[in-house]
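Every number in this text was worked out from the coordinates using simple rules, so none of it is lab data. The model shown is predicted, which means the values in this text are computed figures rather than measured ones. No Cβ is skipped: glycine too gets one built from the backbone with ideal geometry, and neighbour counts run over all protein chains shown.
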Amino acid sequence: MLRSPGHAPQPIVSRHVAVIGAGAAGLVTARELSREGHSVVVFERGDQVGGTWVYTPNVESDPIGLEPTRTTVHSSLYDSLRTNIPREAMGFRDYPFVPKDDPDRDPRRFPGHREVLMYLQDFTREFRIDELVRFETEVVRVRLVEEEKWKIKSKQRSGKEMGLELDEIFDAVVVCNGHFTEPRVAYIPGINEWPGKQMHSHNYRDPEPFRDKVVVLIGNSVSAFDISWEVAGVAKEIHIAARTVIDGTFGKQPAYDNMWRHPMIKDVCEDGSVNFLDGSIVIADIILHCTGRGWEMLKPSTHHLKLLALQSDTLIVWVIIW
Ligand SMILES: Cc1cc2nc3c(=O)[nH]c(=O)nc-3n(C[C@H](O)[C@H](O)[C@H](O)COP(=O)(O)OP(=O)(O)OC[C@H]3O[C@@H](n4cnc5c(N)ncnc54)[C@H](O)[C@@H]3O)c2cc1C
């Protein structure tokens, strides 16, 4: 029964609901919906739960992530990543992310990424969510059909039925496909003629490829900080270009003998030079874009969204977890 203040309880009608993605958002959504008596199918294109927190050393075929036909990798995690939010702020309210008394676990308040994955696996086991998940099954299309139901087309990604497509009808869809998978890169005049390499932090795993190189890193947020400190340990020089830097923090950085901060890049040239807005110039081997990621679009048309505003019993929602 649903209760709202001042209103009589409303009986819940059980719905057939599709949840797309078995990351943190999809897992908690599936649990809440099944608790309310809905029949839930979770579509997950990977082979396990955890989404972003499933680390892989694999990277995409295009290191900068612009080639539309590139082989894609979901997670942006680098090997050394620790959470930037304390564990007590990351757990679900009724299933706190507490340190475990187990030598294989990471008890730190800001634990490494493997600990977050283990927490999500514990949550999945505890509430038997894996029974609801269809692994290696990718949703390739979501469409509102005439009867005001959602048609989901999914595709098998492995096994005997690899490539097989299936159409199914659902009363509602919850899109939990993550929002950190499409690299965003800075526009740099002259980049097509510049002879160096480029990479996006989505494809950064460890500092080794930067050993003895002159690196220009663009960005001024969490991953830019983490990665610049790590790369400084092996690179010949690292030059950080940032749009938003407090005056007085430019130039050689204290505590490092190979790190400089600059304002944004003005342009780059065929001779390998990178020119910054303050007139400084470096000849660099590689530009590393730590400039964030965006949505991988999976959404119905605007027309469908307008229809949804008018219908209470046919619903599509997005769930985003930071
Ligand atoms: C580098 C980095 C560091 C972060 N650090 C922190 C941190 O310290 N603390 C914190 O709280 N948050 C952090 N976050 C945010 C993190 O994204 C969230 O914690 C959370 O994991 C997001 O969960 P999600 O379920 O929304 O998405 P995801 O974890 O991305 O899961 C989406 C799932 O959907 C699946 N999927 C996608 N498309 C389809 C499809 N078409 N069909 C079937 N399945 C599909 C994917 O395979 C994936 O399993 C960080 C993110 C990044 C990228």
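Do you know the relative contact order of the chain, to the nearest whole percent, from alpha carbon pairs under 8 angstrom that are 6+ apart? List each step's numbers first, then the result.
Details: 645 pairs, mean separation 60.6, N = 322.
Reported relative contact order: 19 percent.
Which FRET efficiency value, to the nearest 0.05, do you get for Arg243 and Glu131 by plugging their Cβ-Cβ distance into 1/(1 + (r/R0)^6) with R0 = 56 Å?
Details: r = 47 Å, r/R0 = 0.84.
Using R0 = 56 Å, I get an efficiency of 0.75.
Measuring from label point to label point, each 7 Å out along Cα→Cβ, what is the Trp229 to Ser80 span in nm?
Each label point is offset 7 Å from its Cα along the Cβ direction, giving 0.8 nm.
For the residue pair Lys160 and Asp206, what label-to-label distance in nm results when each label sits 7 Å from Cα along the Cα-to-beta-carbon direction?
In this crude spin-label approximation the distance works out to 4.0 nm.
Antiparallel DSSP bridges in region 1-145: what percent, to the nearest 5? Display every interim value, and only then the final one.
On the way: 3 of 10 bridges.
So the antiparallel bridges in region 1-145 amount to around 30 percent.
Hey, what angle do you get for helix 113-126 against the long axis of the chain, alpha-carbon based, 0 to 90 degrees rounded to 10?
0
Assuming R0 = 41 Å, can you tell me the calculated FRET efficiency for the pair Val98 and Ser14, based on Cβ-Cβ distance, to the nearest 0.05? If you can, show how the numbers build up before the last one.
On the way: r = 34 Å, r/R0 = 0.82.
FRET efficiency, Val98 to Ser14: 0.75.
So for each of 142-154, 89-101 I average, over its residues, the number of other beta carbons within 10 Å; can you give me the resulting order with the highest mean first? Kindly include the intermediate steps, with their values, before the conclusion.
Working: 142-154: 15.5, 89-101: 12.5.
Put in order of decreasing packing, that is 142-154, 89-101.
Along region 21-33, what does the Karplus equation 6.51 cos²θ - 1.76 cosθ + 1.60 (θ = phi - 60°) give for ³J(HN,Hα), rounded to whole Hz, x for Gly and Pro?
For region 21-33, the Karplus curve yields x, 10, x, 3, 5, x, 5, 6, 5, 4, 5, 5, 5 Hz.
Can you say what percent of the DSSP beta bridges in region 184-292, counting only those with both residues inside, are antiparallel? Round to 5.
30
On a 0 to 90° scale, report how tilted helix 222-232 is relative to the longest principal axis of the chain, with both axes built from alpha carbons and the result rounded to the nearest 10.
On a 0 to 90 degree scale, this one is about 40.
Beta carbons within 10 angstrom, averaged per residue: use that to sort the peptides 232-244, 103-115, 122-134, 198-210, highest first.
Numbers: 232-244: 19.1, 103-115: 14.8, 122-134: 16.6, 198-210: 21.0.
Order by mean packing, descending: 198-210, 232-244, 122-134, 103-115.
If I model a spin label at Arg114 and Tyr256 as a point 7 Å from the Cα along the Cα→Cβ vector, what separation in nanometres do I get?
2.7
Under 5 Å between amide H atoms, partner at least 5 residues away or on a different chain: which partners does Arg261 have, H built in plane at 1.01 Å?
Ile240, Gly251, Lys252, Gln253
Nearest 5 is fine: what % of DSSP beta bridges in the chain come out antiparallel, could you say? Intermediate values should be presented prior to the final figure.
Working: 27 of 59 bridges.
The answer is about 45 percent antiparallel.
Hey, got the dipole for region 33-108? About the Cα centre, +1 on K and R Cβ, -1 on D and E Cβ, debye to the nearest 20? Numbers along the way, then the final one.
On the way: 9 positive and 13 negative charges, 45 e Å.
Using Cβ point charges on Lys, Arg, Asp and Glu, region 33-108 gives about 220 debye.
Check cross-link reach from Lys213 to the lysines: straight Cα distance under 25 Å, and skip same-chain residues fewer than eight apart.
Lys197, Lys236, Lys252, Lys266
Given axes a ≥ b ≥ c from the Cα gyration tensor, I'd like to know whether region 184-292 is rounded (a/c under 1.5), prolate (a/b larger than b/c) or oblate. Provide the component values of the computation, followed by the final result.
Values: a/c = 1.29, a/b = 1.09, b/c = 1.18.
Because its axes are fairly even, with a/c under 1.5, region 184-292 counts as rounded.
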